[in-house]
């Protein structure tokens, strides 16, 4: 019995990728970033209201169409990203020692996470594929009438990978995990969230 070479296996996966791309129109990916930060007490149990907004025009992460319009696919995110990022944001604040709360308009201290874009691009390089991922999220701190907004981006590339990894859900989540780590280790944002109203000056009686 002859052993099947790794090259033949890759070619077989590539053929399967081509065939499946022509048949299946949508590929769903589960967006579920991690929170790569260390536990801390810097939050001092200060309450922080959490709000997440998904500003993307659609759930489409990528669209691709081959020559002669034979092969085409659409990669879309699965589930409600607002729920996923709300959970992750609350977990991150808890790890930093804050006390996350539900958002309301009267909240004195709040953190708004706005999902601006999550995109991936796939390029054929038979028998392999190349993938490029880019994500952009804005974080806005509001504390006692003062505001601070910052954009956080991540770009990741992988080349010469097996088509069997398509649509490479892990690379998307790695990119978003990197952004979440940047947000919750940003000194300016942390300083905004931890700022407390100065105590009133004592009254002097005569």
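The values are calculated or read from the model by the stated rules, or taken from the named source; none is laboratory data. Please read all numbers here as calculations on a predicted model, not as lab measurements. Reconstructed Cβ throughout: ideal geometry from the backbone, glycine too, with neighbour counts over all protein chains shown.
What to note about this one:
- Once segment 106-135 is narrowed to residues that are surrounded by fewer than 19 Cβ atoms within 10 Å (Cβ to Cβ) and under 30 Å from residue 191 (Cβ atoms), the residue that is farthest from the chain's Cα centre (by Cα) is 106.
- Of the strands (runs of 3 or more DSSP E) lying entirely inside segment 16-124, those containing at least 3 residues that are over 23 Å from residue 172 (Cβ atoms) and modelled with pLDDT of 95 or more are 47-54, 99-102.
- Qualifying residue in segment 175-195 (condition: assigned to a strand (DSSP E or B) and closer than 26 Å to residue 45 by Cβ): no
- Segment 136-146, residues that are surrounded by fewer than 13 Cβ atoms within 10 Å (Cβ to Cβ) and in contact (Cβ under 8 Å) with a residue 12 or more places away in the chain: 144, 146
- Residue in segment 154-177 that is modelled with pLDDT of 95 or more, touching a strand residue (DSSP E or B) at 6+ places or on another chain (Cβ under 6 Å) and over 30 Å from residue 30 (Cβ atoms) present: no
- Qualifying residue in segment 96-103 (condition: touching a residue at least 60 places away in the same chain (Cβ under 8 Å), surrounded by 18 or more Cβ atoms within 10 Å (Cβ to Cβ), under 23 Å from residue 51 (Cβ atoms) and more than 16 Å from the chain's Cα centre (by Cα)): yes
- Taking the criterion of being crowded, with 18+ Cβ neighbours inside 10 Å and in contact with a helix residue (DSSP H, G or I) (Cβ under 9 Å, 6 or more places away or on another chain), the residues of segment 147-176 that qualify are 152, 154, 163, 166, 171, 176.
- Cβ-Cβ distances below 6 Å connect the following pairs, each with a first residue in segment 24-35 that is at negative phi and surrounded by 17 or more Cβ atoms within 10 Å (Cβ to Cβ), a second residue that is assigned to a loop (DSSP other than H, G, I, E, B) and modelled with pLDDT under 90, and a separation of six or more residues or different chains: 27/167; 29/167.
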